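The values are calculated or read from the model by the stated rules, or taken from the named source; none is laboratory data. This is a predicted model, so every value here is computed, not measured. For neighbour counting, all protein chains shown are included, and Cβ atoms are generated from backbone atoms with ideal geometry for every residue, glycine included.
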Ligand code: HEM
């Protein structure tokens, strides 16, 4: 059975063709590079916070880590924009791959956990012990979901059925 024809229509748009076929290294590869930078910002900052809440890095005070949320949201914004551009470049490749939907599900759950963690840290009167008590379980989920997201993202390069719409 052929993939939905909508995928071919997306693939034939000027934007998709330009992103995929431009010979300039500042198009597709820059988008992919920015996707990795966004991931480093988001999961670098969130991973540090998670590890601290779980009980590692005990010499670091917990409450000042609330300043990392800005970096996390920035990284997430970069990855949403660059992710959509990567998707537009090869819509058939991603949207016919179940791993892509698993990755999106992991992202949706991880963002929900991030929102909850942010709400915990929004209480500026909470002590480090309070933050750990309220955030440790969320932090475990967060780490697991981001690991699943990165694994899913990387596997997309090896698990696809089509690269382009079959002709
Ligand atoms: C929010 C956090 C996200 C993380 C941590 C993440 C992670 C990754 C990783 C690790 C890769 C592999 C990069 C490589 O092979 O060099 C990747 C590729 C990709 N991501 Fe994301 N991603 C995120 C968000 C998104 C979103 C929101 C979308 C689309 C709506 C998306 C779509 C893609 C696509 C299409 C690829 C290319 C897959 C391929 O090789 O064919 N990503 N992502």
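Laid out as a table, the results:
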read-out: Residue in the stretch 95-118 that is within 7 Å of the ligand (Cβ to nearest atom) and surrounded by fewer than 18 Cβ atoms within 10 Å (Cβ to Cβ) present; value: yes
read-out: Conditions (1) in a helix (DSSP H, G or I); (2) surrounded by 16 or more Cβ atoms within 10 Å (Cβ to Cβ); number of the one not met by residue 165; value: (1)
read-out: Failed item, numbered, when residue 125 is tested on (1) in a helix (DSSP H, G or I); (2) surrounded by fewer than 15 Cβ atoms within 10 Å (Cβ to Cβ); (3) without any contact (Cβ under 8 Å) to a residue 60 or more places away in the chain; value: (1)
read-out: Qualifying position, being farther than 26 Å from residue 36 by Cβ, surrounded by 14 or more Cβ atoms within 10 Å (Cβ to Cβ) and either touching a residue at least 24 places away in the same chain (Cβ under 8 Å) or away from the ligand (no atom under 12 Å from the Cβ) (or both), among 135, 153, 144; value: 135
read-out: Selection count, the stretch 56-94, where residues are within 14 Å of the ligand (Cβ to nearest atom) and outside any helix (DSSP H, G or I); value: 1
read-out: Residues satisfying the stated conditions in the stretch 30-46, i.e. more than 10 Å from the ligand (Cβ to nearest atom) and surrounded by fewer than 18 Cβ atoms within 10 Å (Cβ to Cβ); value: 30, 34, 37, 44
read-out: Test result for residue 164, closer than 30 Å to residue 2 by Cβ and at pLDDT 95 or above; value: yes
read-out: Members of the stretch 7-55 that are more than 30 Å from residue 141 (Cα to Cα), part of a helix (DSSP H, G or I) and in contact (Cβ under 8 Å) with a residue 24 or more places away in the chain; value: 7, 8, 10, 11, 15, 16, 19, 20, 28
